[in-house]
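The values are calculated or read from the model by the stated rules, or taken from the named source; none is laboratory data. Because the structure is a prediction, the values reported are computed rather than measured. Every residue, glycine as well, gets a Cβ built from its backbone with ideal geometry; the counts of neighbours run over all protein chains shown. Side chains included, ligands, DNA and RNA excluded: accessible areas come from the protein's heavy atoms. Shrake-Rupley method; radii C 1.70, N 1.55, O 1.52, S 1.80 Å.
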Amino acid sequence: MKHPKIIDILVESPKGNAYKLDYEPETKAFRLNKILPAGLVFPFDFGMVPGTKGEDGDPLDIIVISELSTFPGCRMEVRLIGALQAEQTERDGKQMRNDRLIGIPVVSQLFPDFDELRQLPESIINQLEHFFKNYNEQAGKEFRVTARLGAAEAARLLT
C-alpha cells in the first residue's frame, strides 16, 4: 500500500547543526533560538509544517529522515511516515503534548519505498527518541515518548 499523505514542510534547523532556528512568519526571517550543548547536533533536518498548530501554539514539528542536509528555509515535499507522540514537562511543571512528526523526502534515494515508521531501523527511532529527550533535558524540560504512531495516525495529528 502506497502512503497517500504527502505534505509540504519548511526546514528550520538542518542536519548537523548545533543551533536551533525558528522561522518567524511576520518578519519572513529566521531567529536564533538556542545553541545546543557541545556535542549535540540535529541528527536530521528539523522543521515545521506550515499552517498547523500544536498544543504549544507553534506549528507542528517534523524531523526529516534523509541522506542529505539542506538549509534553513528549504521547503520540501515529504511522505509522512509516522510520529513520536510525546508529553513535555516545562520548567514550571506545566505538561503538554509536543509530538514530533516523522517524514521522508519524496525525492529520497536512500528510503524511496518507506511509507511507515515501522520500516525504519529500530536504531534510528531510538536515536530520535534519545535526541529529543537530551535536547529538552538541556533546556530544563522533560520529554517523554508515550507512543510511536504509524502514518495514518500521524496524518490525523495534522487536522
>> With every protein chain kept in place and ligands, DNA and RNA left out, what is the accessible area per residue of the chain? Probe 1.4 Å, answer in Å².
In response: 52 Å²
> So if we plug the beta-carbon distance of Arg156 and Tyr19 into 1/(1 + (r/R0)^6) with R0 = 22 Å, what FRET efficiency do we get, rounded to 0.05?
Replying inline: 0.10
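Which residues make up the longest stretch of the chain clear of GluC sites (Glu not before Pro) that lie in a DSSP loop with no more than 14 other Cβ atoms within 10 Å, not counting the sites?
Details: sites that count: Glu26, Glu55, Glu67.
Excluding the exposed sites themselves, the longest stretch runs over 68-159.
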> Under a point spin-label approximation (7 Å from Cα along Cα-to-Cβ), what is the Val106-Glu122 distance to one decimal in nm?
Replying inline: 3.4 nm
> Looking at the range 56-159, which trypsin sites (Lys or Arg not before Pro) are DSSP coil and have at most 11 other C-beta atoms within 10 Å of their C-beta?
Replying inline: Arg91, Lys94
>> Using only DSSP helix segments of four residues or longer, with each worth -39500 (n - 2.57), what per-residue ellipticity at 222 nm results for the chain after dividing by its residue count and rounding to 500?
In response: -4500 deg cm²/dmol
>> For the range 37-87, take N as its residue count and report Rg(C-alpha) divided by 2.2 N^0.38 Å.
In response: 1.24
> Karplus couplings for the range 139-145 from phi (6.51 cos²θ - 1.76 cosθ + 1.60, θ = phi - 60°), rounded to Hz, Gly and Pro as x?
Replying inline: 9, x, 10, 10, 10, 10, 6
> Among [x] 42; [y] 59; [z] 52, which is the computed percent of Cα pairs over 21 Å apart?
Replying inline: [x]
>> Rg and Dmax in Å for the range 64-126, alpha carbons only: what are they?
In response: 14.2, 43
> When the dipole is taken about the Cα centre of the chain, and only Lys, Arg (+1) and Asp, Glu (-1) are charged at their Cβ, what size is it in debye, to the nearest 20?
Replying inline: 20 debye
> Do you know the relative contact order of the chain, to the nearest whole percent, from alpha carbon pairs under 8 angstrom that are 6+ apart?
Replying inline: 24 percent
